[in-house]
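Contents: one structure, followed by commentary.
The values are calculated or read from the model by the stated rules, or taken from the named source; none is laboratory data. This structure is a prediction, so every number in the text was calculated from the model and none was measured. Methodologically, a virtual Cβ is constructed for each residue, glycine included, from the backbone with ideal geometry; neighbour enumeration extends over all protein chains shown. What goes into the accessible areas is simple: the full protein's heavy atoms, side chains included, and nothing from ligands, DNA or RNA. Shrake-Rupley method; radii C 1.70, N 1.55, O 1.52, S 1.80 Å.
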Amino acid sequence: MDITKIDTDFTPVSYTVNGTSAQSTAITTGSGIIRIAVRGGHAHVKFGSNPVATDDDILIPENHVEFFSFKSGELVAFIHVGGGSAEINISAVD
């Protein structure tokens, strides 16, 4: 059984994703790994100190979970292209 331990030093955050790029708050992670879950639609994501997501960036399909190597303190930008919206949840992994 695979078990993911969520980093208790960072409270998971959820956002509505629509057709305009938006950013998360700074994500702190001691392990350098984050978990992103998307539901209700797809999302494109980009990481950095002031990222802007476009439809050319990493695609996370609808109702899917991905793990990423991540530099602590940076932000996640996200966008949903094609009408409607989705929800994105970001957690730091311990």
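If I compute solvent accessible area with a 1.4 Å probe over the protein chains, what percent of it on the chain is carbon and sulfur?
Roughly 50 percent, rounded to a whole number.
Test of the criteria: in the range 49-94, which GluC sites (Glu not before Pro) are in a DSSP loop and have at most 13 other Cβ atoms within 10 angstrom of their Cβ?
Sparse-neighbourhood loop GluC sites (Glu not before Pro): Glu62.
Could you go through the range 47-55 in sequence order and give the Karplus-derived ³J(HN,Hα) for each residue, using 6.51 cos²θ - 1.76 cosθ + 1.60 with θ = phi - 60°, rounded to whole Hz, and x for Gly and Pro?
Rounded to whole hertz, the list is 10, x, 7, 7, x, 10, 7, 10, 6.
Starting from the amide H of Val17, placed 1.01 Å from N in the peptide plane, find each other amide H under 5 Å away whose residue is 5 or more places distant or on another chain.
Ala86, Glu87, Ile88
Mind listing the long-range amide H neighbours of Ser72? Cut-off is under 5 Å, sequence gap 5 or more, other chains count too, H placed in the peptide plane at 1.01 Å from N.
HN-HN under 5 Å from Ser72: Thr29.
Using alpha carbons only, what's the Rg to Rh ratio of the chain with Rh from Kirkwood?
Ratio of gyration radius to Kirkwood radius for the chain: 0.95.
Based on the Cβ-Cβ distance of Thr54 and Asn89, what FRET efficiency does E = 1/(1 + (r/R0)^6) give at R0 = 30 Å, to the nearest 0.05?
0.90
Provide the per-residue ³J(HN,Hα) series for the range 15-25, in order, calculated from phi with Karplus coefficients 6.51, -1.76, 1.60 and θ = phi - 60°, each as a whole number of Hz, with x at glycine and proline positions.
For the range 15-25, the Karplus curve yields 9, 7, 10, 9, x, 10, 4, 9, 10, 7, 6 Hz.
Give a residue-ordered list of calculated ³J(HN,Hα) values for the range 70-87 (Karplus: 6.51 cos²θ - 1.76 cosθ + 1.60, θ = phi - 60°; whole Hz; x for Gly, Pro).
Ordered by residue, 3J(HN,Hα) equals 8, 8, 3, x, 7, 10, 10, 9, 8, 8, 10, 10, x, x, x, 8, 9, 10 Hz.
Using R₀ = 25 Å, calculate the FRET efficiency as 1/(1 + (r/R₀)^6) where r is the Cβ-Cβ separation of Ser72 and Thr20; round to 0.05.
FRET efficiency, Ser72 to Thr20: 0.45.
Might you report the magnitude of the Cβ-based charge dipole of the range 1-64 about its Cα centre, with Lys and Arg at +1 and Asp and Glu at -1, to the nearest 20 debye?
My answer is approximately 120 debye.
Using a probe radius of 1.4 Å on heavy atoms only, what accessible surface per residue do you get for the range 24-80? Whole Å² is fine.
So the range 24-80 comes to 49 Å² accessible per residue, rounded to a whole number.
Relative contact order of the chain: what whole-number percent is it, with Cα pairs under 8 angstrom and at least 6 residues apart?
Contact order relative to length: 46 percent.
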